[in-house]
Amino acid sequence: MATYLDFEKPIAELEARVAELRDTAAAGSLNIDAEVDKLEAKAEKLLRDTYGKLTPWQKTQVARHPERPHFKDYIAALINDFVPLAGDRAFADDQAIIGGLGTLSGRKVMVIGHEKGDDTASRIKHNFGMAKPEGYRKAIRLMQLADRFGIPVVTLVDTPGAFPGVQAEERGQAEAIARSTEECLALSVPIVAVIVGEGGSGGAIALAAANRVLMLEHSVYAVISPEGCASILWRTAEKAADAAEAMRVTADHLKELGVIDRIVAEPVGGAHRQREAAIATLGAAIGEELDRYAGMTGAQIRSERRQKFLSIA
Amino acid sequence: MSWLNRVRQSIPFLPKRETPDNLWHKCRECGTMVFTKEYQENLSVCPKCDHHGRIGPRARFEQIFDPGYSTLPQPQVREDPLKFRDSKKYTDRIKAARQSTGEQDALINASGTIEGERAVIGVQDFAFMGGSMGMGVGAAFVTGARAAIEARCPYIIFTAAGGARMQEGILSLMQMPKTTVAIAELKEAGLPYIVVLTDPTTGGVTASYAMLGDVQISEPGALIGFAGQRVIESTIREKLPEGFQRAEYLLDHGMVDMVVHRKDLRERLAKLVAYLTPQKAAA
């Protein structure tokens, strides 16, 4: 059973009605196909219209949609011969950040990304995509490995933020994030980052200081969650919608600000409605971005990345 | 103003009272009242409990540099590109911060010598919107690092910030990689980058340039961390351990090299700079 967001209620009702009528039509001899088609077209138009003008807060909800494709789904569909690599060699293997070697339509890549999990058990296992220092340190290790062997890095960002906990602080959460960002910027191989869901603050930038930063159409990317911003500046988390609006968290705004390089369109009604199509579109986009760097030297690739972040102002 | 003062002020031939409102300083930690002058002479450290008070860039430069240092010009940045407004307009908040601090933004650089050793120092000003890191701070950091490269000397940063400046949205987050690039340039030029963590240093500032020093120093008792204490408490639903996220806790956990009392800071920095400044190549 599909999950509908609050603002999708009218769409849900229409779609349920269409399904019901189709059942009736299939069972009886009544010919109501024309009626159903009309209703279906109406539902589709409503979906298109709704998703064509989502507010920043609605986009935040879509970005967090439980059925939205996650890291594991992208790996399964896009990466051949994936070889996962685990552990930071110092403390633990953090399941909130996963990574490994693989092949993306013929290109060798190191893929690293956040995994949120998709049911209670896996969400706990992956800590809802909130990484700890060992997660960022694993990412650093994998980036260094990729760099040594000239393998481009692809990161898929989908996190509410780095984990706020006592042990995470004790083991140097801030330092781990800072070093991971530093490593992204030091690579002599290209790094392409995609915000596929939530790009939450420092936990996101640690994997997103990339040559090319892509965003799925309905993903969000921000310095703090709208709830967090609202509770600090408005003194209540209930103003999250206002905060989302004020912070400019959506792909179109961020493209305008020059913070991201490319928006990858999602199927009508969001990536969760047509997962395969959404994943395939992203795969093609990543491939194109990686191909831009064929023929560039390591020094050029690194310098391009650094200039880009120096000039964002 | 009390009615008495009002009357007093309006009588033209009475001498104006010279007593400032802040004749006394009350220690935030132990509550001891100290003469402001005496407190400042003690480097804004409580003479009773050693609590290190927050100080701004000007006081810091005076304490660390030899006489004759000069402040660097502030880089110009775009102002309020998001047209941000919460309960107040962001532009009004900046205006108020500029008026109360007399500074352009929350990070000021100066160039000079410390016991004869050349250095560029950047000091973050907590009094300016909580020291928050926005485009102004990021640009000033790059300016400071590049001035150090130009002068072939170390860049020393005194951090103090609640974190990123939310009113600049994603652009404040982008200061994390931006400042990190400046640090990479400094390191590749063979020059040291020294961080002095002061109270408080949290959020995106800690998770970028505040934790990337070749040497990490902290002032005693400074609050240093990534996540805010209230956020952590609400996540784990329990009380935080004693001394959590304080300088001494970070020292225990291997996150800083040393905790240095303010009175010893100048000497310690001079020594480090002398050790780490690259040897002049034999001509």
Which numbered condition B:Val215 fails, given (1) farther than 20 Å from B:Thr143 by Cα; (2) surrounded by 21 or more Cβ atoms within 10 Å (Cβ to Cβ)
(2)
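Rundown of residues vs (1) modelled with pLDDT of 95 or more; (2) surrounded by fewer than 21 Cβ atoms within 10 Å (Cβ to Cβ); (3) on the phi < 0 side of the Ramachandran plot, yes/no style:
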residue: A:Val111; (1), (2), (3): yes, no, yes
residue: A:His114; (1), (2), (3): yes, no, yes
residue: A:Asn127; (1), (2), (3): yes, no, no
residue: A:Tyr136; (1), (2), (3): yes, no, yes
residue: A:Asp147; (1), (2), (3): yes, yes, yes
residue: A:Ile151; (1), (2), (3): yes, yes, yes
residue: A:Gln173; (1), (2), (3): yes, no, yes
residue: A:Glu183; (1), (2), (3): yes, no, yes
residue: A:Pro190; (1), (2), (3): yes, no, yes
What number of residues within region A:13-59 satisfy the criterion of being surrounded by 15 or more Cβ atoms within 10 Å (Cβ to Cβ) and assigned to a helix (DSSP H, G or I)?
20
Does region A:244-252 contain at least one residue that is surrounded by fewer than 18 Cβ atoms within 10 Å (Cβ to Cβ) and closer than 22 Å to A:Gly203 by Cβ?
no
Of the numbered conditions (1) part of a loop (DSSP other than H, G, I, E, B); (2) among the β-branched types (Val, Ile, Thr); (3) within 14 Å of chain A (Cβ to nearest Cβ), B:Thr91 fails exactly one; give the number of that condition.
(1)
Just one listed residue, out of A:Val166, A:Val196, is touching a Leu at 6+ places or on another chain (Cβ under 6 Å) and either of a type in the set (A, V, I, L, M) or away from chain B (no Cβ under 12 Å) (or both), and it is A:Val196
Wholly within region A:93-196, strands (runs of 3 or more DSSP E) carrying at least 3 residues that are among the small types (Gly, Ala, Ser)
A:97-104
Per the filter on region A:211-240, residues more than 9 Å from every other protein chain (Cβ to nearest Cβ) and under 16 Å from A:Phe309 (Cα atoms) are A:Asn211, A:Arg212, A:Val213, A:Leu214
Please note which helices (runs of 4 or more DSSP H) are completely contained in region B:134-238 and include at least 1 residues that are closer than 26 Å to B:Lys89 by Cβ and more than 10 Å from chain A (Cβ to nearest Cβ).
B:135-151
In contact with a Ser or Thr (Cβ under 7 Å, 6 or more places away or on another chain) and surrounded by fewer than 19 Cβ atoms within 10 Å (Cβ to Cβ) - does that describe any residue in region B:164-176?
no
Tally, over region B:102-126, of residues that are in contact (Cβ under 8 Å) with a residue 60 or more places away in the chain, more than 9 Å from the chain's Cα centre (by Cα) and in a loop (DSSP other than H, G, I, E, B)
2
Which of the residues that make up region A:83-104 are more than 24 Å from A:Ile286 (Cβ to Cβ) and buried (at least 18 other Cβ atoms within 10 Å of the Cβ)?
A:Asp88
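Residues are listed down the side, and each one gets a yes or a no for (1) touching a helix residue (DSSP H, G or I) at 6+ places or on another chain (Cβ under 8 Å); (2) in contact (Cβ under 8 Å) with a residue 12 or more places away in the chain; (3) within 18 Å of A:Arg306 (Cα to Cα):
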{"site": "B:Leu186", "(1), (2), (3)": "yes, yes, yes"}
{"site": "B:Leu191", "(1), (2), (3)": "yes, yes, no"}
{"site": "B:Leu197", "(1), (2), (3)": "yes, yes, no"}
{"site": "B:Pro200", "(1), (2), (3)": "no, yes, no"}
{"site": "B:Gly203", "(1), (2), (3)": "yes, yes, no"}
{"site": "B:Thr206", "(1), (2), (3)": "yes, yes, no"}
{"site": "B:Ala210", "(1), (2), (3)": "yes, yes, no"}
{"site": "B:Glu219", "(1), (2), (3)": "yes, yes, no"}
Could you list, in sequence order, all residues of region A:235-259 that are touching a helix residue (DSSP H, G or I) at 6+ places or on another chain (Cβ under 9 Å) and at pLDDT below 90?
A:Thr236, A:Ala237
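The values are calculated or read from the model by the stated rules, or taken from the named source; none is laboratory data. For clarity, every value in this text was computed on a predicted model and none was experimentally measured. Virtual Cβ from ideal backbone geometry, glycine too; neighbours counted across all protein chains shown.
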